[in-house]
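The values are calculated or read from the model by the stated rules, or taken from the named source; none is laboratory data. Values in this document were obtained by computation on a predicted structure and should not be read as measured data. All Cβ positions, glycine included, derive from the backbone under ideal geometry; neighbour counts span all protein chains shown. Only protein heavy atoms, including side chains, enter the accessible area calculation; ligands, DNA and RNA are left aside. Shrake-Rupley method; radii C 1.70, N 1.55, O 1.52, S 1.80 Å.
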Amino acid sequence: MYYFIVNPHSRSGKGLGIWKQVKRRLDREKTLYEVHMTERPGHASELAAFLTSPRHPDRGEKTIVVLGGDGTLNEVLNGISMSVPVTLGYIPSGSGNDFSRGMRLPKNPERALYRLLRSNKVRVLDYGILSYTDGRPAHRRFLVSSGIGYDAEVCHNLFSTKLKKFFNRLHMGKLVYLIIGIKRIILCKSSDGCLTLDGVKKINLKKIRFISSHIQRYEGGGFRFAPKADPTDGYLDLCVVSGVSKLRLTALLAASLAGGHGWFKGVRCYSCREASLHTEKPMTVHVDGEICGRQTDISLRCVEQKVRFLV
């Protein structure tokens with residue numbers, strides 16, 4: 001039995017059409033499945049929590065397949081119980097699809113489904129945990145990346161803009177990332193701060209533009225900020241950008257599409273199991289593109305090889 005959690009609104013409403021395409025293949029092959037449609041933000045977490053709870057009639061090992069974008073996959077990761085046997089599968093139908101890019105999963109929905117149904121290969125992946133305070137202590141898991149500063153501002157702008165839906169309809173979804181990316185460079189602000197790695201190494205930073213922490217290599221629809229990231233090695237890969245002008249930020253972002261930003265002055269890369277950051281001014285934070293408000297203190301850590309994933 002496959003349990004599908006489908007976001008029909010992914011890729012500005014095209015998720016429903018992609019699901020219908022997948023459903024025809026499932027029915028044609030007489031696959032046993034159950035589908036749950038998300039209705040609102042956060043609903044995928046609720047569905048995943050129910051499917052992996054003692055209240056669910058099927059208490060055996062489950063395979064949950066997510067059809068949506070990185071945000072939907074993040075919600076499912078945050079909803080599932082880690083104390084029960086569950087294997088995840090993924091059919092990408094979002095705009096960014098950084099998880100599938102990093103894992104080299106098929107872009108075509110039918111090919112992705114074909115691979116899932118016939119796959120006997122499971123990879124056990126790491127995931128990250130972001131901790132912060134939002135009135136009270138809060139924790140969010142992530143499978144792709146978590147960031148603070150410029151990259152999170154882009155995510156926040158993408159979430160609220162109407163341009164995304166317009167350009168997705170024209171099959172030009174990447175263009176909106178470029179437009180908003182340029183806009184956020186113009187408006188980009190910075191803050192001084194202190195980064196601590198593995199509780200020992202302290203790094204004082206001036207004019208932090210952004211810090212991204214990675215399980216996967218990519219974020220933001222294809223920026224390879226962590227070209228050496230390995231989702232199974234038990235480490236977070238950090239990309240720290242500080243003390244750079246807006247013009248240099250533009251250049252290094254362009255270089256990051258090919259993973260060449262590490263040569264720029266003001267870019268530092270670290271590998272660690274956990275990290276904490278304090279900034280003098282509040283900065284926007286995200287996990288897998290989902291916004292976690294503006295924070296001055298965050299901590300991150302890697303949980304090694306806990307998520308079973310069909311590949």
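Could you tell me which of the residues 159, 223, 166 is surrounded by 22 or more Cβ atoms within 10 Å (Cβ to Cβ), modelled with pLDDT under 95 and either in contact with a Ser or Thr (Cβ under 9 Å, 6 or more places away or on another chain) or on the phi < 0 side of the Ramachandran plot (or both)? It would help to see each step written out before you state the result.
Numbers: 159 fails: surrounded by 22 or more Cβ atoms within 10 Å (Cβ to Cβ); 166 fails: surrounded by 22 or more Cβ atoms within 10 Å (Cβ to Cβ).
Just one listed residue meets the conditions, 223.
One residue is enough: does region 176-190 have a residue meeting the conditions open to solvent by 50 Å² or more (accessible area, probe 1.4 Å) and modelled with pLDDT of 90 or more? Break it down into steps so the answer makes sense when it comes.
So the first thing to find is which residues in region 176-190 are open to solvent by 50 Å² or more (accessible area, probe 1.4 Å), and the list is 178-179, 182-183, 186-187, 189.
From what's left, modelled with pLDDT of 90 or more: 189.
Yes, the conditions are met somewhere in region 176-190.
Can you work out which of the residues in region 191-220 that are among the hydrophobic types (A, V, I, L, M, F, W, C) and open to solvent by 20 Å² or more (accessible area, probe 1.4 Å) is nearest to residue 292 (Cα to Cα)?
Pass one, region 191-220, residues among the hydrophobic types (A, V, I, L, M, F, W, C): 194-195, 197, 200, 203, 205, 208, 210-211, 215.
Next, only the ones that are open to solvent by 20 Å² or more (accessible area, probe 1.4 Å) stay: 194, 200.
Working: 194: 20, 200: 26 Å.
Within region 191-220, the match that is nearest to residue 292 (Cα to Cα) is 194.
If residue 30 satisfies every condition in (1) closer than 21 Å to residue 110 by Cα; (2) not in a loop (DSSP other than H, G, I, E, B) but one, which is the exception?
The number of the failed condition is (2).
What residue, of 297, 237, 288, 230, is of a type in the set (D, E, K, R) and under 21 Å from residue 157 (Cα atoms)? Walk me through how you get there before you give the answer.
On the way: 297 fails: under 21 Å from residue 157 (Cα atoms); 237 fails: under 21 Å from residue 157 (Cα atoms); 230 fails: under 21 Å from residue 157 (Cα atoms).
Going through 297, 237, 288, 230 in turn, the sole match is 288.
Report every pair of residues separated by at least 6 positions or lying on different chains whose Cβ atoms are under 7 Å apart, first residue within region 219-245 and without any contact (Cβ under 8 Å) to a residue 40 or more places away in the chain, second among the aromatic types (Phe, Trp, Tyr) and assigned to a loop (DSSP other than H, G, I, E, B).
Going by the 7 Å Cβ cut-off, the qualifying pairs are 224/218; 239/225.
Kindly establish whether residue 205 is aliphatic (A, V, I, L, M) and in contact with a Phe, Trp or Tyr (Cβ under 6 Å, 6 or more places away or on another chain). Please lay out each step first, then the result.
Values: aliphatic (A, V, I, L, M): yes; in contact with a Phe, Trp or Tyr (Cβ under 6 Å, 6 or more places away or on another chain): no.
Judged against the criteria, residue 205 is not a match.
I want to confirm something. Restricting to region 247-257 and keeping residues that are over 19 Å from the mean Cα position of the chain (by Cα) and open to solvent by 50 Å² or more (accessible area, probe 1.4 Å), which single residue is farthest from residue 198 (Cα to Cα)? Give the steps one after another, and end with the answer.
Residues of region 247-257 that are over 19 Å from the mean Cα position of the chain (by Cα), as a first pass: 247-252, 254-255.
Now narrow it down to the ones that are open to solvent by 50 Å² or more (accessible area, probe 1.4 Å): 247-248, 250, 254.
Working: 247: 32, 248: 30, 250: 30, 254: 30 Å.
Of everything passing the filter in region 247-257, 247 is farthest from residue 198 (Cα to Cα).
List the number of the failed condition for residue 138; all other conditions in (1) hydrophobic (A, V, I, L, M, F, W, C); (2) modelled with pLDDT of 95 or more; (3) within 17 Å of the chain's Cα centre (by Cα) hold.
(3)
Only residues that are over 15 Å from the mean Cα position of the chain (by Cα), in contact (Cβ under 8 Å) with a residue 24 or more places away in the chain and within 22 Å of residue 199 (Cβ to Cβ): list them for region 284-300, please. First the steps, then the outcome.
Taking region 284-300 as the starting set, the residues that turn out to be over 15 Å from the mean Cα position of the chain (by Cα) are 284, 293-299.
If we keep only those that are in contact (Cβ under 8 Å) with a residue 24 or more places away in the chain too, we end up with 284, 293, 295, 297-299.
Residues satisfying the conditions are 295, 297, 298, 299.
With small (Gly, Ala, Ser), without any contact (Cβ under 8 Å) to a residue 24 or more places away in the chain and not in a loop (DSSP other than H, G, I, E, B) as the only criterion, which of 45, 100 stands out?
Criteria check complete, one pass: 100.
Every residue in region 27-40 that is buried (at least 17 other Cβ atoms within 10 Å of the Cβ) and aliphatic (A, V, I, L, M), please.
37
Restricting to region 226-246, what's the tally of residues that are surrounded by fewer than 16 Cβ atoms within 10 Å (Cβ to Cβ) and of a type in the set (Phe, Trp, Tyr)?
The number of residues fulfilling the criteria is 0.
Is it true that some residue in region 7-26 is within 17 Å of the chain's Cα centre (by Cα), of a type outside the set (Val, Ile, Thr), modelled with pLDDT of 95 or more and not in a strand (DSSP E or B)?
For region 7-26, residues within 17 Å of the chain's Cα centre (by Cα), of a type outside the set (Val, Ile, Thr), modelled with pLDDT of 95 or more and not in a strand (DSSP E or B): present.
Among the residues of region 65-76, is there at least one that is hydrophobic (A, V, I, L, M, F, W, C), farther than 19 Å from residue 15 by Cβ and buried (at least 16 other Cβ atoms within 10 Å of the Cβ)?
Within region 65-76, the subset hydrophobic (A, V, I, L, M, F, W, C) is 65-67, 73, 76.
With farther than 19 Å from residue 15 by Cβ added as a condition, the list becomes none.
The answer is no, given that none of the residues of region 65-76 is hydrophobic (A, V, I, L, M, F, W, C), farther than 19 Å from residue 15 by Cβ and buried (at least 16 other Cβ atoms within 10 Å of the Cβ).
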